[in-house]
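The values are calculated or read from the model by the stated rules, or taken from the named source; none is laboratory data. All values reported here derive from a predicted model rather than from experimental measurement. We place every Cβ from the backbone using ideal geometry, glycine too, and count neighbours over all the protein chains shown. We work out accessible area using only protein heavy atoms, side chains counted, and drop any ligands, DNA or RNA first. Shrake-Rupley method; radii C 1.70, N 1.55, O 1.52, S 1.80 Å.
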Amino acid sequence: SNFGGGGGGAGEAGFDGNGTASGDGGDGVSSSITGTATFRAGGGGGGGTTVSASGVGGEGGGGDGAQSGNTSGSSGTTNTGGGGGGGEPGASGGSGIVILRYSSNLTITIGAGLTGSTTTVGSNKVTTISAGTGNVSFAAA
């Protein structure tokens with residue numbers, strides 16, 4: 001049998017497959033930019049031929065590898081940038097996210113084509129943009 005390696009994450013390389021199992025995806029990187037530690041950009045697990053042989057996605061949204069031949073792995077988690085799990089075919093990666101942390105003395109304008117929200121974290125504002133195309137601008141409050 002052939003067992004694929006897992007995809008690399010932002011903080012760790014993926015793991016090799018061996019004679020009995022596919023490799024796990026590498027872990028992403030933890031960030032506390034939003035005020036809560038969160039892993040993002042985990043690698044996808046390698047596809048396997050049985051449940052016990054499929055690779056697990058890396059921490060940070062990596063999708064798990066397929067659990068049998070001719071099936072797709074699981075997609076990376078939305079808004080994490082995690083890689084998709086391997087399979088036949090491989091799965092899609094998770095969508096990315098833009099997170100901006102800035103002084104509360106500023107006001108942000110989010111373009112009409114963007115989906116986002118703003119919260120306050122300590123003495124800063126945090127704006128999260130999860131979809132769309134457009135521009136942002138800042139002005140003194």
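Points to keep in mind about this one:
- If only residues of region 17-59 that are surrounded by 15 or more Cβ atoms within 10 Å (Cβ to Cβ) and not in a loop (DSSP other than H, G, I, E, B) are counted, the one that is modelled with the lowest pLDDT is ALA53.
- Region 119-141 residues that are within 13 Å of LEU100 (Cα to Cα) and free of Cβ contacts under 8 Å to residues at least 60 places away in the same chain, paired with ones that are open to solvent by 90 Å² or more (accessible area, probe 1.4 Å) and in a strand (DSSP E or B) (beta carbon under 7 Å, 6 or more apart): ASN124/ARG101
- A residue that is open to solvent by 20 Å² or more (accessible area, probe 1.4 Å), at pLDDT below 95, assigned to a loop (DSSP other than H, G, I, E, B) and of a type outside the set (A, V, I, L, M) occurs somewhere in region 60-68.
- GLY9 meets all of the listed conditions (1) of a type in the set (Gly, Ala, Ser); (2) touching a Ser or Thr at 6+ places or on another chain (Cβ under 9 Å); (3) in a loop (DSSP other than H, G, I, E, B) but one, namely (2).
- Residue match in region 96-111 (condition: under 30 Å from ALA21 (Cβ atoms) and modelled with pLDDT of 95 or more): yes
- Among the residues of region 99-117, the ones that are in contact with a Leu (Cβ under 9 Å, 6 or more places away or on another chain) and open to solvent by 70 Å² or more (accessible area, probe 1.4 Å) come to 0 in all.
- Flag for SER72 being open to solvent by 50 Å² or more (accessible area, probe 1.4 Å), in contact with a Pro (Cβ under 8 Å, 6 or more places away or on another chain) and among the hydroxyl-bearing types (Ser, Thr, Tyr): yes
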